[in-house]
Amino acid sequence: MKDSITKMAETKVSRLMLSMGIPMIISMVLQAFYNIVDSAFVSNMKEGGEAAINALTLAFPVQMLMVAVSIGTGVGMNALLAKSLGQGDNERAAKIAGNAEFLGIIIYIICLLFGIFGAGAYINGQTNNSQIAEMGTDYLRICCIVSFGIVFFSVFEKMLQASGLSLYSTIAQILGAVVNIILDPVMIYGLLGMPAMGVRGAAAATVIGQIVSFSAALFFHLKHNKSIKNGLEYIKPSAQIIKAIYSIGFSAIIAQALMSVMTYGLNIILVRVDESLVTAYGLYYKIQQFILFAAFGLRDAITPIVSFSHGMKNKSRVNDGIKYGIKYTMIIMAAGLLILEIFSVPLAKIFGLSEDTKTLCISAIRIISVSFIFAGLNIAYQGIFQALDSGIESLVISVMRQLVFVLPVAYIFSLFAGEKLENSWLIWLTFPIAEGISAVTAFFLMRRIRKNKIEIL
């Protein structure tokens, strides 16, 4: 494990960013891939395909919230762990990892209780369609009750990444994705002697894939992550360490959780215009995840690299981490914008949609994707802020780009659109506006952080 720490300290930053970032990007893109695979399979069910898509869209904010809390906890642990390893404090690193495992147990218990007692009320609060409500409740309940796979995979994935072992976290993600993709048609349609389970089959395939990813990540951690000591004594909760984890990770949780709040709020705004807009936006959201999650993967490389360098008090490597992090993220987002603009029509045709809904989905792809350039800057800056113990600044950008300048603007534009679907393009303009204003704010926050936390090294 000495080799991985040496790599973090000595490898040229531009090369280190790619060697760590590419596996993380692949991992995140695969996560987006099997999110959309569920939608593609259920949309092509013989009966109720479009209703099933709508049900998954309504359930999606809670899924995102579970991931938000899990990943946010992992992000806080990641930055803190990388900094401790950079300082050579392996004992503290072990306690940080153990406390993250303890927090994973607490998170799972909360998800379990919500799945049992809250899933039905949540779905029924968004729709009066009994078929959609039943499908959504079935899907969400399974995903929550058997959520320990995604919760603990998020924890052990970040442990591997913080130690420079991101390749293993990617392998674990791939294994889960492959299992999910294989099981989806088998369990949804009832192949190979299995009963046709519909949306419940999609949920079952998802959680089984997550359990496989967690099991593989745990195996790789125990076998290869020798820089982090394991033992029950390290799982003992420490208020100081938990506070430190969430002083960094809370902004990441809010950033991800705000995506849930934003999607939930948009569902309510869009359904006032027409229910087909909910379906169109839900599908667009899953399509764009290929690009956004790739940027998130690179952000997850930026954070430990910059944090490790900051722990070493190496100003040159911190600056290189910032420079290459922004540069590579912008390349990803520019490529993503080009891909979605060119392939918007064939992407919308993957799903079994009516012509009207398909047209709305294409419109969403072409207009909202313009926001990618600004979103790339915001995502990179948030990773940098987290690495430099500037969680509040990261939180400010999250709130601006996913709440302050989204729901109010979308609501106002929906009033102008009225009930005319041909005017729905106005609502999609919300996203370029929100990301653009947030990017300008992030630039000025970065100038202040650079002066206060980097130039003094």
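The base-10 log of I(q)/I(0) for region 32-88, evaluated at q = 0.16 Å⁻¹, reads -0.62 [Debye formula, identical scatterers on Cα atoms, solvent excluded]. Here r is the Cβ-Cβ distance between Lys315 and Ala239 and R0 is 35 Å; the resulting FRET efficiency, rounded to 0.05, is 0.60.
Assuming R0 = 22 Å, what is the FRET efficiency of Ala121 and Arg272, from their Cβ-Cβ distance, to the nearest 0.05? It comes to 0.55. Sorted ascending by nearby beta carbons within 10 Å, beginning with the fewest, Thr73, Thr357, Thr137 become Thr137, Thr357, Thr73. The modelled label-to-label distance for the pair Asn44/Leu429, using points 7 Å beyond Cα in the direction of Cβ, is 3.7 nm.
For Ser19 and Asn90, the difference between the fully extended length at 0.36 nm per residue and the C-alpha to C-alpha distance is 23.2 nm. With Cα atoms defining each centre, region 335-393 and region 307-324 are spaced 29 Å apart in the structure. Among Arg401, Arg448, a tally of other beta-carbon atoms within 10 Å of each Cβ gives an order, fewest to most, of Arg448, Arg401.
Two numbers describe the Cα atoms of the chain: Rg and Dmax, which are 21.3, 66 Å. Rounded to the nearest 500, the helix-only mean residue ellipticity at 222 nm of the chain stands at -28000 deg cm²/dmol, with each DSSP H run of n ≥ 4 adding -39,500 (n - 2.57). Subtracting the Cα-Cα distance of Lys229 and Phe33 from 0.36 nm times their residue separation leaves 67.2 nm of extension gain.
The order of Thr11, Thr303, going from fewest to most other C-beta atoms within 10 Å of their C-beta, is Thr11, Thr303. Rounded to 0.05, the FRET efficiency of the Thr6 and Tyr411 pair, given R0 = 60 Å and the Cβ-Cβ distance, is 0.70.
Over region 258-408, one equal point on each Cα, no solvent: what is log10 I(q)/I(0) by the Debye formula at q = 0.15, 0.21 Å⁻¹? Evaluating at q = 0.15, 0.21 Å⁻¹ gives log10 I(q)/I(0) of -0.82, -1.26. The equivalent ellipsoid of region 95-252 has semi-axes of 32, 21, 11 Å, largest first, where each one is the square root of 5 times an eigenvalue of the Cα gyration tensor.
Taken over region 356-400, the convex hull of the Cα atoms encloses 73 Å³ per residue.
Applying Stokes-Einstein at 25 °C and 0.890 mPa s to the Kirkwood radius of region 201-346, computed over alpha-carbon pairs, gives a translational diffusion coefficient of 126 µm² s⁻¹.
Between Glu341 and Leu192, the distance separating the two model label sites (each 7 Å from Cα on the Cα→Cβ line) works out to 4.3 nm. For region 132-182 and region 220-273, what is the separation of their C-alpha centers, rounded to whole Å? Measuring centre to centre over Cα atoms gives 14 Å. Note on region 129-205: the C-alpha convex hull projects to 5.9 nm² when averaged across all orientations. Hull volume per residue, based on the alpha-carbon atoms of region 339-418 and their convex hull, is 115 Å³.
Every number here is computed from the coordinates shown, using simple stated rules; none is lab data. Predicted model, so just to flag it, every value in this text is computed and none were measured. Positions of Cβ are generated from backbone atoms using ideal geometry, with glycine treated the same way; all protein chains shown enter the neighbour counts.
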